[in-house]
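Just so it is clear, none of the values below were taken in a lab; they were calculated from the coordinates. Predicted model only: the values in this text are computed from it and were never measured. Ideal geometry is used to build each Cβ from the backbone, glycine not excepted, and the neighbour counts take in all protein chains shown.
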Ligand SMILES: [Zn+2]
């Protein structure tokens, strides 16, 4: 597992923290999503003292994915004199931060529409099905020789992603996995339908709506 997880819960199961993860590449910190519990974790863990260059990649703006972003940006700018990169394929994040009173000079919004890369990582956003009133993005991520897919909140696995995983072009998949049926999140039965038993080990369940680790692992999936 290439990512380190800060939290793995859904918004209705805050016990497990907001689903978020990070990876450090060549001394730069990359954080996937910044929900309600994430700034607190980053602060206490010392990661913000250790790494000067911070990048936050957002999947969408629900508060369990972006709820502590404003505080993270303000803290780093005002206390650590750091301007962070906020990577998100939509201008709406700037509107949200405007409403929260975060000055535009406190952060850099990196607007990506297609494959984007810096010296350490490359990201390709994939629009996924989540809710009707907001776009949500999954990402194909390349770090060194490893390719992963990070789903964000998604009610299904896009066809090209499932195919890429099944043919070995994606090494690890991190996917929203629910036990409650809805149009917003991916039910565990759907993952079972898409991926045969011997192919589930490198699919890591995230955004859990209960303590389902043993249940998902018994089906052959991994849990972060
Ligand atoms: Zn959501």
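Structure data summary
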quantity: Filter result for the condition that a residue is closer than 16 Å to residue 65 by Cβ and free of Cβ contacts under 8 Å to residues at least 60 places away in the same chain, over 142, 133; calculated: 133
quantity: Of all residues making up the stretch 19-28, the number that are in contact with a helix residue (DSSP H, G or I) (Cβ under 6 Å, 6 or more places away or on another chain) and surrounded by fewer than 24 Cβ atoms within 10 Å (Cβ to Cβ); calculated: 0
quantity: Complete set of residues in the stretch 25-46 that are at positive phi and in contact (Cβ under 8 Å) with a residue 12 or more places away in the chain; calculated: 26, 27, 33
quantity: Given (1) in contact with a strand residue (DSSP E or B) (Cβ under 6 Å, 6 or more places away or on another chain); (2) over 27 Å from residue 119 (Cα atoms); (3) surrounded by fewer than 17 Cβ atoms within 10 Å (Cβ to Cβ), number of the condition residue 171 does not satisfy; calculated: (2)
quantity: Qualifying positions in the stretch 115-156 - farther than 21 Å from residue 92 by Cα and within 16 Å of the ligand (Cβ to nearest atom); calculated: 155, 156
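Yes or no, residue by residue, for (1) in contact (Cβ under 8 Å) with a residue 12 or more places away in the chain; (2) more than 23 Å from residue 53 (Cβ to Cβ):
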residue: 64; (1), (2): yes, yes
residue: 81; (1), (2): no, no
residue: 89; (1), (2): yes, no
residue: 112; (1), (2): yes, no
residue: 119; (1), (2): yes, no
